[in-house]
Amino acid sequence: MSEPDADTLDPTSLRTPIVAVLGHVDHGKTSLLDKIRGSAVIEGEAGAITQHIGATAVPLDVISTIAGDLVDPDDFDLPGLLFIDTPGHHSFTTLRSRGGALADIAILVVDVNDGFQPQTLEALDILKRSQTPFIVAANKIDTVPGWNANEDSPINATYDAQSDRVTGRLDESLYEIIGNLSDEGFSADLYWRVQNFQRNVGVVPVSAMTGEGVPDLLAVMMGLSQRYMKAEMEIDVAGPGVGTVLEVKEEKGFGTTIDTVLYDGTVRADDEIVIGGQNDPIVTEVRALLQPRPLAEIRTESRFEKVEEVSAAAGIKVAAPDLEDAMAGAPVRVVRDRDLEEVVREVEAELADIAVDTEEQGVVVKADTLGSLEAMADALDEAEVPIVRAEVGDVAPRDVSVASTAEEPKQRVILGFNVDVLGDADRRAEIDDVTLFTDEVIYQLIEEYEEFVEELERAQQ
Ligand code: GDP
């Protein structure tokens, strides 16, 4: 069979692209998401947007209203964009689908004052590994002189018309960012000079504060998505749903629920579903599919309204019995007319795919989600640090017991990524001579551990 031709693909098979926002802390990821969400609220989409359930859908007509003449809805077959609500490479790694990243495209936010920082590099590394196409939002241009706000429709203008758009210090900052990207092996340029956004990284000057450049950013996102989705995606939106757990949460009136990003197919209010659990796959039945209610309609009763059916890509809260053991980052699959055993096997296989290899001796690793556990394991593997136990969850006294059995002092260690330390685990660690490291940045955690090992070795000499 020949490859499907990108231009003749049935447009109805294109699903909403999933967009993640990455970047260094304080560079403006949340502000940018809020700005896009806020503009969408003003454009009348309050229902889907006022509350976080993992992802915010911004429909094509709303994007086109925000972006003005930069996005003509007639040019696009996509239903809109689905933004992952929790910014950061942390949620990006959590949101994995079988064989890769869940997000189709990403926005890497870089503060023009601050330039490349450790988490920028970490994010780039993740994007590179997952081969996710991305755009750089060079943020906070309102704080640097040199932005010419009065140019017309920049994205459609020719290079000549654009050349005066950035000057002075902003020009320098942007070129520094482009230079940094090139040091990391990406060919990048200011977006109005980029022809093919899949091959070259477009840098879009924006301000999450004033909203300037946001229309341009959306226009570039739409262009890239359309191209990418046509080339990569053909999805049976009517089939049984496939998704990933983003967060396991107690919800008043509904018990334990899972915020899920559905990236393929459909889920219905009476579906049987299989979910990756702490021990075995959980087989259960949807009790309710919940979407946030528009703010105006929220009374004392519930913040959520029930829906009968949702199609990919979408963020949805699922209420069902037996969700207590569900794990963030684990797969969710609808059974419907398929064989239950087969679906269970698929979930098991997917979990095994993510499972971390452990050895007889090594350090204990705890992380908040499967994706971050996998990222930790990769980083430790690179640093040639063996792992004896790798688990999703907070650091508990029983982790201390495991760590305390290590023969080598450098392995009497627990590394916790984005997790809390429960009960008297600290005190137990002190008594048992186990060293506990916790951090919210993987490379810092590894660095702390490596320093610790160096110190141990120095002390032994
Ligand atoms: P995050 O950690 O990447 O999510 O960053 P935040 O969105 O929380 O932003 C960090 C700080 O930078 C906050 O004080 C924001 O108000 C500020 N900020 C974000 N974007 C802009 C911008 O475009 N211009 C200005 N002047 N400040 C911004």
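Coordinate-derived values only; no laboratory data. Given the structure is predicted, the values throughout are model-derived calculations rather than measurements. Note that each Cβ is placed from the backbone with ideal geometry, even for glycine, and that neighbours are counted across all protein chains shown.
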Taking H placed 1.01 Å from N in the peptide plane, check which residues at least 5 places from residue 419 or on another chain put their amide H under 5 Å from its amide H.
-> 439
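Applying 1/(1 + (r/R0)^6) with R0 = 41 Å to the Cβ-Cβ distance of residue 345 and residue 114, what FRET efficiency is obtained, to the nearest 0.05? Show your work: numbers first, answer last.
On the way: r = 48 Å, r/R0 = 1.16.
Here the calculated transfer efficiency is 0.30.
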With θ set to phi - 60° and the Karplus curve 6.51 cos²θ - 1.76 cosθ + 1.60, what are the ³J(HN,Hα) couplings of the range 320-335 in order, to the nearest whole Hz, using x for Gly and Pro?
-> 6, x, 6, 8, 3, 8, 5, 10, 4, x, 7, x, 10, 9, 7, 7
So what does the Cα-only Debye profile of the range 270-349 read at q = 0.10, 0.14 Å⁻¹, as log10 I(q)/I(0), no solvent term?
-> -0.28, -0.52
Exposure proxy ranking, count of Cβ atoms within 10 Å, fewest first, for 147, 192 | 192, 147
Label-point gap, in nm, between residue 444 and residue 256 - each point 7 angstrom along Cα→Cβ = 3.1
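In deg cm²/dmol and to the nearest 500, what is the mean residue ellipticity at 222 nm of the chain if only DSSP H runs of at least 4 residues count, each as -39500 (n - 2.57), divided by the residue total?
Working: 13 runs with 145 residues, N = 461.
After summing the helix terms and dividing by residue count, I get -9500 deg cm²/dmol.
Sort the range 307-376 into rounded, prolate or oblate with this rule: let a ≥ b ≥ c be the square roots of the eigenvalues of the Cα gyration tensor; rounded if a/c is under 1.5, and if a/c is not under 1.5, prolate when a/b is larger than b/c, oblate otherwise.
Numbers: a/c = 2.56, a/b = 1.77, b/c = 1.45.
In terms of gyration-tensor shape, prolate.
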For labels at residue 61 and residue 129 in the simple 7 Å Cα→Cβ model, what's the distance in nm?
-> 4.2
Which whole-number percent gives the relative contact order of the chain, counting Cα pairs below 8 Å spaced six or more residues apart?
-> 13
Which helices pass in the chain if a helix is a full DSSP H run, must span at least 24 angstrom along its long axis by Cα, and must have mean Kyte-Doolittle hydropathy not below 1.6?
-> none
May I ask for the percentage of alpha-carbon pairs in the chain that lie more than 36 Å from each other?
-> 33
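Provide the gained length on full extension for the span residue 359 to residue 280, in nm with one decimal, where the gain is 0.36 nm per separating residue minus the Cα-Cα distance.
26.3 nm
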With label points built 7 Å along Cα→Cβ from the Cα atoms of residue 426 and residue 451, find their separation and express it in nm.
-> 1.9
Hey, with R₀ at 22 Å, roughly what FRET efficiency would residue 183 and residue 383 work out to, going by the Cβ-Cβ distance, to 0.05?
-> 0.45
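Using +1 on the beta carbon of Lys and Arg, -1 on that of Asp and Glu, and nothing else charged, what's the dipole of the range 354-461 about the Cα centre, debye to 20? Present the calculation step by step, with values, prior to reporting the outcome.
Values: 8 positive and 29 negative charges, 86 e Å.
Roughly 420 debye for the range 354-461.
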Residue 172 to residue 352: extension gain in nm, 0.36 nm per residue of separation minus the Cα-Cα distance?
-> 60.0 nm
Computed over the range 372-461, Kirkwood Rh from alpha-carbon pairs, angstrom = 13.3
